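Would you mind keeping the following structure in view while I ask a few things?
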Amino acid sequence: MESTPLRPLARYVEPIPFEHDGMRFVQLHDPLRYSDGALSVSLPAFILMTMMDGQTTLETIRAEFNANYNAGITIAEIASLVKDLDKQFLLSNGNFEAQKKKLADEFAAQKVRPSSLAGKSYPADPAELSALLNGFLKEDGGPAPFAIVAPHIDLHAGGAVFGAAYARLKHSTAETFVILAIGHALDGDFFACIDKDFQTPLGASPVDRAFLSGLEAGFGEPLFANAYAHKNEHSAEFQVLLLQKLFAGQPARKVVPILFSFPETIEDLDHPAYNKQRVDRFIRALRTEIKRRPGKICLIAGVDLSHIGRRFNQEEGAAEQRLQETETDDRNLLRLVAEGNKPEFVRFMKETNPRNNVCGFPALYVLLDLLDGRKGELLDYRQNVEPDTDSMVSFAAMSFPGAAGSE
């Protein structure tokens, strides 16, 4: 009996293009890190991956690729690529599902959420890490705010802007910091909460379980179904690091890290998980818990702004004019956030986000509701340009004065 033709389904990966010896390659970054390896493929191999949709046979992929690109690829060469992808758990199949369950079970059994980026994005040695963060936290920002906006870009790129935001928290007496972060790999729901303490080389930050219990009761749904999304997510981890350093030697401040992921069109969606009514219900539950503790809660939105250029699949790259246009858009966005103008913020994001890829939209959307009319100020804005990938990521620091929990 003839076997069923193989119809591979490639999983989503972040493609990072680069050149080597005049040839174009793509590094396949798995945002969920089910694969520990760093697999790089040629541009033709990446194109073949995009054709692996779970419906198309290898023979059809071969025929269409050769016809479209005047190539002579063989079935054996495509099958070899499929084998390599399978080894790296980059195909949606039984092998991947087994790896996914294994890692999820291991994470669920852990009592804490261990650092994901120590030794990678920042030093694993506590003394080295402390020295690095000290370099960012030189300023004294004055009266403590109700909320800040800080980046979540790599510390080495965004350190000064992290510092501008966290300087405002030096005199904060808040007991719990609610971190509105971005779930870059969050899938299946618009939020992810976690009930594990965050461990870093600087110590452990306890989550506020009483706050989470109240949030769950108010929302009316379980909170922790997507806790695994926190395992490798940097957007909350960086905020915890800065808080630990800022309040070193003091009683540990509690944290409530929440990841968000939904599009700028959320208010137009009719979907069981992604819809305005459900998001609003979550926000109302958040607001209720915040107001129950006047003066004891501070909000941190860990967000980056625009992502443009070839790394983000934009052919025009990050030319000077494009950078200037993006800065204009970013500053208009930040002005609307500072004014607390949520309707205009949403309208503006619908207009500009298809070209700017502002990943911080969902956290800012939630923050605007929680501010209850408080106005903010822009502290710093910068762009990090990557010449190697002809790309740019922008980010900012903001502060929203006012005693926590006040009207």
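The values are calculated or read from the model by the stated rules, or taken from the named source; none is laboratory data. Keep in mind the model is a prediction, meaning the values are calculated, not measured. As a convention, Cβ positions derive from the backbone with ideal geometry for all residues, glycine included, and neighbour counts pool all protein chains shown.
Tell me, please, whether a residue that is under 30 Å from Ala118 (Cα atoms) and among the small types (Gly, Ala, Ser) can be found in the range 260-279.
Taking every residue of the range 260-279 in turn, at least one turns out to be under 30 Å from Ala118 (Cα atoms) and among the small types (Gly, Ala, Ser).
Looking only at the range 196-211, decide whether some residue is part of a helix (DSSP H, G or I), touching a residue at least 40 places away in the same chain (Cβ under 8 Å), over 16 Å from the mean Cα position of the chain (by Cα) and surrounded by 18 or more Cβ atoms within 10 Å (Cβ to Cβ).
Yes, that holds for at least one residue.
If I filter the range 360-370 for residues that are over 19 Å from the mean Cα position of the chain (by Cα) and of a type outside the set (Ser, Thr, Tyr), do I get at least one hit?
Scanning the range 360-370 turns up at least one residue that is over 19 Å from the mean Cα position of the chain (by Cα) and of a type outside the set (Ser, Thr, Tyr).
Somewhere in the range 263-271, is a residue in the same structural domain as His184 (by TED's automatic domain parsing), part of a helix (DSSP H, G or I) and under 18 Å from the mean Cα position of the chain (by Cα)?
yes
Moving on to the next point. Pairs please, first residue from the range 29-53 and closer than 23 Å to His234 by Cα, second anywhere and β-branched (Val, Ile, Thr) and surrounded by 18 or more Cβ atoms within 10 Å (Cβ to Cβ), Cβ atoms under 8 Å, 6+ apart in sequence or on different chains.
His29/Val13; His29/Ile16; Asp30/Val13; Pro31/Val13; Ser40/Val26
Given the conditions (1) modelled with pLDDT of 95 or more; (2) part of a loop (DSSP other than H, G, I, E, B), which single one is not true for Arg347?
So Arg347 meets the others, but not (2).
Here is a further query. Could we say that Ala318 is within 21 Å of Ala167 (Cβ to Cβ) and touching a Gly at 6+ places or on another chain (Cβ under 6 Å) here?
no
Taking the options Ala108, Ala160, name whichever one is under 20 Å from the mean Cα position of the chain (by Cα), of a type in the set (A, V, I, L, M) and surrounded by fewer than 19 Cβ atoms within 10 Å (Cβ to Cβ).
Answer to the check: Ala160.
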